[in-house]
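Here the structure is laid out as structure tokens; the discussion comes afterwards.
No value in this document is a laboratory result; all are computed from the given coordinates. On a predicted model such as this, the values are computed, not experimentally measured, just so you know. Methodologically, a virtual Cβ is constructed for each residue, glycine included, from the backbone with ideal geometry; neighbour enumeration extends over all protein chains shown.
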Amino acid sequence: MEDMISKIVDMDKKARDMTDEAQQSKVDYEKEIIRTKEKIKNDYLSRAKERVKINSQTAQKKADDELAVIEKKNAAIIETLDKTYSENCDKWVDEIVSRVVG
């Protein structure tokens, strides 16, 4: 009878130990899941920041290229206006004076 009680107590202890191990495993897995989740989140954010940086650089390069084209066109227009002014300045002044006076 004592042998039977001893076996029951041993089985109960083993069952409690197994339950404790299962609970600890559950806690360990939950912690691992949280760590993995944070790692994935941080990796994603890091890649997203890198993409934003690259896109920003690309956009800046495109804007600089467009600005250079616009500045070149403006310089050509200014040159044409200056040339036209130089060629016609005296004629325009004479025309304005003759209209005002005459």
Angle in degrees between helix 2-101 and the longest Cα principal axis of the chain, rounded to the nearest 10
0
Kirkwood hydrodynamic radius (Cα pairs, Å) of the chain?
22.8
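About the Cα centre of segment 6-102, what is the dipole size in debye to 20, counting +1 per Lys and Arg Cβ and -1 per Asp and Glu Cβ, all else neutral?
Details: 21 positive and 21 negative charges, 145 e Å.
With only Lys, Arg, Asp and Glu charged at Cβ, the dipole is about 700 debye.
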Need one word for segment 55-102: rounded, prolate or oblate. Basis is the Cα gyration tensor (sqrt eigenvalues a ≥ b ≥ c); a/c below 1.5 gives rounded, then a/b vs b/c decides.
prolate
